[in-house]
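Here is the structure we will look at, set down as structure tokens.
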Amino acid sequence: MRFGLDGRSYLVLLIVALAAAAAWWWSRDDGTAGRPLLGSAAELPDYAMADFLLTAMGEDGRPGHTLTAESLYHYESREESVLTRPQLTFYEEDRPVWDISAEHGLVSDAERFVFLSGDVEVRYAGATPARSFEIYTGELYVWPEDRRARTEDAVRIVQQSGVTHSVGMSAELDQRRLHLASQVRGRYEP
């Protein structure tokens, strides 16, 4: 008895052999099993920190501002750090007066700014409740050394006396000045 293979049989045999080779290749353990794929080495952070805290001192030796975050990942190739749940606090005479928080942040090493995004909240603790207010926006650039901030997003400012809306805002934090850019409208109650 003689067995012959036609062209169709060769094709089926070739497919089965390739499937067996692929199964063997994927099942072999080269030591990477269970590790997440993180990308190339150029995309990896050069260092990371949990519960990060930075205190920058003023010229008088007192705290000028603090920056905290749940996590920080620094990328040397991009000269920036990525922050999770960042919070910036600015002090005047050892009293926290500006408190800025967000879901995400990015710190530029070269340009010395902090970019905040995702439910950005700015709280100003005035000397009295009537002088205190809160600002809500989607994105905010902050230059801590210059004590200034800017956004082009919609802004909502809540005070004891009312609510103000604007599109775009810049702030001089040390002067306690807000400059509202456009489409400003408000509701005030005595």
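The values are calculated or read from the model by the stated rules, or taken from the named source; none is laboratory data. Note that the coordinates shown come from a computational prediction; the quantities given were computed from them, not determined experimentally. As a convention, Cβ positions derive from the backbone with ideal geometry for all residues, glycine included, and neighbour counts pool all protein chains shown. We work out accessible area using only protein heavy atoms, side chains counted, and drop any ligands, DNA or RNA first. Shrake-Rupley method; radii C 1.70, N 1.55, O 1.52, S 1.80 Å.
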Length gained when the stretch ALA110-GLN183 is fully extended (0.36 nm per residue, less Cα-Cα span): 22.9 nm
Inter-label distance for TYR47 and SER132, nm, one decimal - labels placed 7 Å from Cα along Cα-to-Cβ: 3.7 nm
Potential extension, ASP153-ARG62 segment - 0.36 nm per residue separation minus Cα distance: 29.4 nm
Per-pair calculated FRET efficiency, R0 = 41 Å: SER170 and GLU76 via Cβ, rounded to 0.05: 0.85
Alpha-carbon centroids, the range 76-96 and the range 137-190: separation in whole Å: 19 Å
Accessible surface, per residue, of the range 36-190 when the full set of protein chains is kept, probe 1.4 Å, Å²: 60 Å²
In the range 112-189, trypsin sites (Lys or Arg not before Pro) in a DSSP loop with at most 14 other beta-carbon atoms within 10 Å: ARG112, ARG176
Charge dipole (the range 69-190, unit charges on Cβ, about Cα centre) - positive-most of SER182, TYR124, LEU72: SER182
